[in-house]
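The values are calculated or read from the model by the stated rules, or taken from the named source; none is laboratory data. Owing to the predicted nature of the structure, the values given are computational and were not obtained by experimental measurement. Note that we place each Cβ from the backbone using ideal geometry, even for glycine, and neighbour counts take in every protein chain shown. Remember, those area values only see protein heavy atoms, side chains included, never the ligands or the DNA or RNA. Shrake-Rupley method; radii C 1.70, N 1.55, O 1.52, S 1.80 Å.
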Amino acid sequence: MDLFLGKWVLKKDIYFGEFLKFSGVPWLKRRIAEHNKIKLIIEKWNNVYIKSVKSPVYNTEEIVKLDDQYREYGNSFKKFCSKDDVIHVDVKYKDDIVWKEEISIKDEFLITKYIWIKNNERHIAIQFFSRN
């Protein structure tokens, strides 16, 4: 996970608005999110990883443990694990919304993929972050 440490800023996204719609974000907040830069900070403190997201419409701070155990984070439950330099996240949001995330580093970008099923079809949104 040390590979992911640092400050990151969103450079590009693909279908992220569709993901926000799927996850229940209201129309106005989606529009604001699509036109603002997201800042992501991943830190390590006493062998504990902390992931912070800063944006005009969404701010969070999470303790990340790569132990494949669900933990509560506000309105969601998340489970983190790592395999082959990819962080895999299973998310259960509210009662009926679920998705997966895959976080990796490629060509100096931190890449987050959001994968969800809607109407029996698989959908993917991607965010590309560069070091700040």
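Numbers below:
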{"read-out": "Spatially proximal aspartates and glutamates relative to residue 106 (Cα-Cα < 16 Å; intrachain offsets below 8 disregarded)", "value": "2, 13, 84, 85"}
{"read-out": "Dipole of the chain, positive end: most advanced residue of 53, 36, 115 [Cβ charges, Cα centre]", "value": "36"}
{"read-out": "For the stretch 20-132: accessible area per residue (Å², 1.4 Å)", "value": "66"}
{"read-out": "Cβ-placed point charges (K, R +1; D, E -1), dipole of the chain about Cα centre in debye, nearest 20", "value": "480"}
{"read-out": "Estimated vicinal HN-Hα couplings, Hz - the stretch 8-13 in sequence order (Karplus 6.51, -1.76, 1.60; Gly, Pro = x)", "value": "10, 10, 5, 10, 7, 9"}
{"read-out": "Per-residue SASA entry for residue 66, accessible area with 1.4 Å probe, Å² rounded to 10", "value": "70"}
{"read-out": "Accessible surface of the chain [probe 1.4 Å, protein heavy atoms]: carbon and sulfur percent", "value": "49"}
{"read-out": "Calculated SAXS-style log₁₀ I(q)/I(0) at q = 0.15 Å⁻¹ - the chain, Debye, Cα scatterers", "value": "-0.73"}
{"read-out": "The stretch 27-86 - charge dipole about Cα centre, Lys and Arg +1 at Cβ, Asp and Glu -1, debye rounded to 20", "value": "340"}
{"read-out": "The chain: relative contact order as a whole-number percent, Cα under 8 Å and 6+ apart", "value": "25"}
{"read-out": "Exposed trypsin sites (Lys or Arg not before Pro) absent - longest run of the chain, DSSP non-H/G/I/E/B, at most 15 other C-beta within 10 Å", "value": "95-132"}
